[in-house]
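I have placed the structure first, in the form of structure tokens, so that the comments after it can refer back to it.
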Amino acid sequence: MKKEIKVIKVNSDFEIVINCGSDDGIEETTQFLIYKLGEELFDPDTNESLGHLEILCGKGKVKHLQPKITTLYSINKESSVKTTIIKRTGGFLSLNTEEETKEPTIIEKPFHKVDTSCFARIIN
């Protein structure tokens with residue numbers, strides 16, 4: 001695909017629409033990197049342009065595929081560990097005990113500062 005893929009509509013922080021679809025070879029399993037173009041950077045020795053810095057807005061996956069447009073949803077996730085401490089007091093010998101449990105938590109994250117100046121690139 002030689003077409004430049006652009007974000008053409010932001011439905012919500014978690015959902016965007018891009019300007020390509022099944023006619024362009026996009027499939028239900030296609031994933032995308034969503035980014036903005038930052039400043040142009042130059043080699044300090046040759047002054048040759050190295051291209052524009054890509055500012056990451058997130059990753060997306062096909063939610064709804066149409067011939068010329070595709071709706072993507074955010075697949076950005078953040079994992080953390082939730083720690084719970086349970087204290088028990090009293091009892092038969094007046095023992096004080098503590099029990100600590102750790103549970104992994106995965107939080108779905110929205111696209112970051114996504115707007116219609118953003119681009120998309122296939123990543124799978």
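The values are calculated or read from the model by the stated rules, or taken from the named source; none is laboratory data. These numbers were taken from a predicted model, which means no experiment stands behind them. Note that each Cβ is placed from the backbone with ideal geometry, even for glycine, and that neighbours are counted across all protein chains shown. Ligands, DNA and RNA are excluded from the accessible area calculation, which covers all protein heavy atoms including side chains. Shrake-Rupley method; radii C 1.70, N 1.55, O 1.52, S 1.80 Å.
In the set LEU41, LEU56, LEU50, only one residue is hydrophobic (A, V, I, L, M, F, W, C), without any contact (Cβ under 8 Å) to a residue 60 or more places away in the chain and closer than 17 Å to ILE122 by Cβ; that residue is LEU56. Scanning the range 107-124 for residues that are closer than 20 Å to GLU4 by Cα and open to solvent by less than 80 Å² (accessible area, probe 1.4 Å) yields a total of 9. Taking strands (runs of 3 or more DSSP E) as the structural unit, those lying wholly within the range 1-48 and holding at least 1 residues that are more than 22 Å from the chain's Cα centre (by Cα) and of a type outside the set (Gly, Ala, Ser) correspond to 31-42.
Remark: pairs (first residue in the range 4-21, closer than 15 Å to GLY58 by Cα and among the acidic types (Asp, Glu); second residue open to solvent by less than 40 Å² (accessible area, probe 1.4 Å) and assigned to a loop (DSSP other than H, G, I, E, B); Cβ separation under 7 Å; 6+ apart in sequence or on different chains) = ASP13/PHE111.
When residues in the range 20-61 are screened for being surrounded by 10 or more Cβ atoms within 10 Å (Cβ to Cβ) and either in contact with a Lys or Arg (Cβ under 7 Å, 6 or more places away or on another chain) or within 20 Å of PHE111 (Cα to Cα) (or both), 23 of them pass. For the range 62-78, a residue qualifies if it is open to solvent by 80 Å² or more (accessible area, probe 1.4 Å) and either in contact with a Ser or Thr (Cβ under 6 Å, 6 or more places away or on another chain) or free of Cβ contacts under 8 Å to residues at least 12 places away in the same chain (or both), and the qualifying residues are LYS63, HIS64.
Only a single item in (1) in a strand (DSSP E or B); (2) at pLDDT below 70 is not met by GLU78, and it is number (2).
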